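Peer 1: Sharing a structure with you now.
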Amino acid sequence: MAEAYIVDSLRTPTGRRKGGLSHVHAIDLGAHVLKALVERNAVPAEDYDDVIFGCVDTIGSQAGDIARTSWLAAGLPLNVAGTTVDRQCGSSQQALHFAAQAVMSGTQDVIAVGGVQTMTQIPISAAMLAGQPYGFTTPFAESKGWQARFGDAPVNQFYAAQRIADHWGISRADMEAFALESHRRAIAAIEAGHFDREIVPLEGVTRDETPRQTTLEKMAELEPVDPTYPSITAAVSSQTCDASAALLVVSEAALKRYNLKPRARIHHISVCGDDPIWHLRAPIPATEAALKKAGMTMDQIDLVEINEAFASVVMSWLQETGYSHDKTNVNGGAIALGHPLGATGARLMTGLLHELERRGGRYGLQTMCEGGGQANVTIIERLG
């Protein structure tokens, strides 16, 4: 089978809610990273085969196939098409998988991959609620088939985060300590310049705005997001933010044609479904299935990026896999760096690639929980 390679990877800073990127139109936010990607690499813009972007809550400024509209807003050639993917929080990781599959199949050679989300302008779950004027209270409630299978069980991320914490014996104090470490790592990475190579500044924002100088005492004072879920507070949850990210994925033929240097080879891609009521648990079975398919063990993985949707998600995954926290989200996770939904998969892969290069590691694994009880897994091999 043909191989797929990552040649470049970049992102905007994560802009905090109502922060430095909050006024940027979603299309322009996506256009920024696409323009930078094209300018940085020796592939003529008209030679790109496709643009595949992740985005969630595709209404308002994010509607109308934002992969295509972002490319056009960047002033790039009309002949290049674009498509937008929605696998919920894993949308841009799935975009990377679709690009890899296209290259591996031999049907395409050069693809711009990424994601974009403006959570200040379009709040989380806006699309989930958009059907209410038309008589749909949620996407699920009026479905006879859904009700027959799952009844009125809550399709609720806070419910799932609390359920996971209870099942794995993870206390609120445990999660707050984990969250504090995420902020500590992110701040240390920023101060050490670890993100400088991957960030493309925008609107005067040159570094991530989301990490916070906080304390366990401050976290302990916070009220739960819902009294029903006593352990789940804003402190142990991912931050909403505004961001975009992009990668260049190419074939071996494109490497030769344009004299490109590959930075990583896509070693494995897979996706796994789980119970949609548990919702956030899927990275555990997805990782197990991915390693089996790849013929690997966690001992072979040098670094992991797993989305910190909630502290309990990552902490339960660490318990089940036995993997070291010292090699997981080493520069902080979404609790500190934000979770820009449709852009998060590309942001995580960007960070994973750059950190493998910085440390000289070989294999990196990325996974994340996704709406509907799903999880993607990507394993890359650093080259060079």
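The values are calculated or read from the model by the stated rules, or taken from the named source; none is laboratory data. Computed from a prediction, not measured in an experiment: that's the story for all the values here. Note: ideal-geometry Cβ built from the backbone for every residue, glycine included; neighbour counts use all protein chains shown. Areas reflect the complete protein model, heavy atoms only, side chains present, ligands, DNA and RNA absent. Shrake-Rupley method; radii C 1.70, N 1.55, O 1.52, S 1.80 Å.
Peer 1: Which one of 256, 293 is among the basic types (Lys, Arg) and either under 19 Å from residue 94 (Cβ atoms) or in contact with a helix residue (DSSP H, G or I) (Cβ under 7 Å, 6 or more places away or on another chain) (or both)?
Peer 2: 293
Peer 1: Tell me, please, whether a residue that is among the acidic types (Asp, Glu), assigned to a helix (DSSP H, G or I), under 23 Å from the mean Cα position of the chain (by Cα) and buried (at least 19 other Cβ atoms within 10 Å of the Cβ) can be found in region 167-189.
Peer 2: Looking for residues that are among the acidic types (Asp, Glu), assigned to a helix (DSSP H, G or I), under 23 Å from the mean Cα position of the chain (by Cα) and buried (at least 19 other Cβ atoms within 10 Å of the Cβ), one finds at least one in region 167-189, hence yes.
Peer 1: Which pairs turn up if I take residues in region 262-274 that are in contact (Cβ under 8 Å) with a residue 60 or more places away in the chain and among the polar types (S, T, N, Q) and look for partners that are surrounded by 20 or more Cβ atoms within 10 Å (Cβ to Cβ) and part of a strand (DSSP E or B) with beta carbon separation below 7 Å, at least 6 apart in sequence or on another chain?
Peer 2: Hits for this filter: 270/377.
Peer 1: Please state which one of 132, 147, 157 is of a type outside the set (Val, Ile, Thr), within 27 Å of residue 229 (Cβ to Cβ), more than 22 Å from the chain's Cα centre (by Cα) and open to solvent by less than 70 Å² (accessible area, probe 1.4 Å).
Peer 2: Only one candidate passes the filter, namely 147.
Peer 1: So, in region 207-220, of the ones that are surrounded by 14 or more Cβ atoms within 10 Å (Cβ to Cβ) and not hydrophobic (A, V, I, L, M, F, W, C), which residue ends up farthest from the chain's Cα centre (by Cα)?
Peer 2: 214
Peer 1: Hey, another quick one. Condition first: among the acidic types (Asp, Glu) and in contact with a Gly (Cβ under 6 Å, 6 or more places away or on another chain). Now tell me which residues in region 306-344 satisfy that.
Peer 2: If the condition is that a residue be among the acidic types (Asp, Glu) and in contact with a Gly (Cβ under 6 Å, 6 or more places away or on another chain), then 308 is the only one that fits.
Peer 1: How many residues are open to solvent by 70 Å² or more (accessible area, probe 1.4 Å) and acidic (Asp, Glu) if we restrict to region 221-242?
Peer 2: Number satisfying all stated conditions: 2.
Peer 1: Tell me which residues, restricted to region 214-251, are in contact (Cβ under 8 Å) with a residue 40 or more places away in the chain, more than 18 Å from residue 54 (Cβ to Cβ) and of a type in the set (A, V, I, L, M, F, W, C).
Peer 2: 216, 219, 220, 225, 232, 235, 236, 250
Peer 1: So is residue 306 at pLDDT 95 or above, under 22 Å from residue 100 (Cα atoms) and touching a helix residue (DSSP H, G or I) at 6+ places or on another chain (Cβ under 7 Å) or not?
Peer 2: Against the criterion (at pLDDT 95 or above, under 22 Å from residue 100 (Cα atoms) and touching a helix residue (DSSP H, G or I) at 6+ places or on another chain (Cβ under 7 Å)), residue 306 qualifies.
Peer 1: Is region 292-307 home to any residue that is open to solvent by 10 Å² or more (accessible area, probe 1.4 Å) and either closer than 21 Å to residue 173 by Cα or in contact with a Pro (Cβ under 9 Å, 6 or more places away or on another chain) (or both)?
Peer 2: no
Peer 1: Quick check: is even one residue across region 246-262 surrounded by fewer than 18 Cβ atoms within 10 Å (Cβ to Cβ), part of a loop (DSSP other than H, G, I, E, B) and on the phi > 0 side of the Ramachandran plot?
Peer 2: Yes.
Peer 1: Here is a further query. What strands (runs of 3 or more DSSP E), lying completely within region 1-109, carry at least 3 residues that are open to solvent by less than 20 Å² (accessible area, probe 1.4 Å) and among the aliphatic types (A, V, I, L, M)?
Peer 2: Passing ranges, in order: 5-11.
Peer 1: Checking the structure you have, find out if any residue of region 273-284 is farther than 22 Å from residue 357 by Cα, open to solvent by 30 Å² or more (accessible area, probe 1.4 Å) and in a strand (DSSP E or B).
Peer 2: Yes: region 273-284 contains one or more residues that are farther than 22 Å from residue 357 by Cα, open to solvent by 30 Å² or more (accessible area, probe 1.4 Å) and in a strand (DSSP E or B).
Peer 1: Has region 296-304 got at least one residue that is of a type in the set (Asp, Glu), closer than 20 Å to residue 263 by Cα, outside any loop (DSSP other than H, G, I, E, B) and touching a Gly at 6+ places or on another chain (Cβ under 8 Å)?
Peer 2: no
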